[in-house]
Amino acid sequence: MKTTIHKLSLLIITILLLSACSQEDDGIYFEPITESKISYTSIETEILILVNDYRLENGLNALEKLNIISTVAETHTHYMVEVGKVNHDNFPDRHEKLVKNADAKSVGENVAYGYSSAESVVNAWIQSEGHREIIEDPEYTHFGISTETDENGRNYFTHIFINK
């Protein structure tokens, strides 16, 4: 009797364990980005114009503004304001979202904070070798921008570039 109860218990446990196992792929999935209606501020528009002017002056193609990129940039800018520091945290997530949702082949990102004008932030990026390399990359075809001001009046910027 004891062995019957023991075998029955093992059978029930086995059935429960097997039914709890999923046959679905456990890969990482990203929710599709719902492209919100983007309204660009004057500083954001000016940054895009200044970057394209710089590219054209240097024999490069002008980039096309893509709202879905700005949507992704906006999420990161808001995050930087929340944590109170400029960073590239979670860049692989932004990269993957743009690969999946904007057909990006490559993604580059410039971030900044504290600048009060479009001209000052673009000039700072151009003066920095790493940031300038992203702006001057001839492979990029599209870009997006986001700016947000924190409670102390400091501006945060996320400028993302992709190649489609």
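When every residue of segment 55-64 is checked against the conditions, none turns out to be out of contact with any Cys (no Cβ under 6 Å at 6 or more places or on another chain) and under 17 Å from ARG154 (Cα atoms).
In contact with a helix residue (DSSP H, G or I) (Cβ under 9 Å, 6 or more places away or on another chain), over 19 Å from GLY153 (Cα atoms) and part of a helix (DSSP H, G or I): does that describe ILE43? No, not satisfied.
This table checks each residue for (1) out of contact with any His (no Cβ under 9 Å at 6 or more places or on another chain); (2) among the charged types (D, E, K, R); (3) under 21 Å from SER128 (Cβ atoms).
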{"residue": "THR45", "(1), (2), (3)": "yes, no, no"}
{"residue": "LYS65", "(1), (2), (3)": "no, yes, no"}
{"residue": "THR71", "(1), (2), (3)": "yes, no, no"}
{"residue": "HIS88", "(1), (2), (3)": "no, no, yes"}
{"residue": "PHE91", "(1), (2), (3)": "no, no, yes"}
{"residue": "GLU96", "(1), (2), (3)": "yes, yes, no"}
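Residues of segment 50-59 that are of a type in the set (A, V, I, L, M) and either in contact with a Gly (Cβ under 6 Å, 6 or more places away or on another chain) or touching a residue at least 40 places away in the same chain (Cβ under 8 Å) (or both): LEU50, VAL51.
Please work out which residue is nearest to the chain's Cα centre (by Cα), limiting yourself to segment 104-162 and to residues that are surrounded by 22 or more Cβ atoms within 10 Å (Cβ to Cβ) and assigned to a loop (DSSP other than H, G, I, E, B). It comes out as ALA104. Against the list (1) in contact with a Pro (Cβ under 8 Å, 6 or more places away or on another chain); (2) surrounded by 19 or more Cβ atoms within 10 Å (Cβ to Cβ), the condition LEU98 fails is (1).
Among the residues of segment 60-99, those identified as closer than 22 Å to PRO138 by Cα, over 11 Å from the mean Cα position of the chain (by Cα) and either in contact (Cβ under 8 Å) with a residue 60 or more places away in the chain or assigned to a strand (DSSP E or B) (or both) are LEU60, ASN61, LEU63, GLU64, LYS65, LEU66, ASN67.
Among the residues of segment 140-148, is any among the hydrophobic types (A, V, I, L, M, F, W, C) and without any contact (Cβ under 8 Å) to a residue 40 or more places away in the chain?
Taking segment 140-148 first, the residues among the hydrophobic types (A, V, I, L, M, F, W, C) are 143, 145.
Those still in the list that are without any contact (Cβ under 8 Å) to a residue 40 or more places away in the chain too: none.
Among the residues of segment 140-148, not one is among the hydrophobic types (A, V, I, L, M, F, W, C) and without any contact (Cβ under 8 Å) to a residue 40 or more places away in the chain, which makes the answer no.
Readers should treat all values here as calculations from the given coordinates under stated rules, not as data from a laboratory. Predicted model only: the values in this text are computed from it and were never measured. FYI the Cβ positions are ideal-geometry reconstructions off the backbone, even for glycines, and counts take in every protein chain you see.
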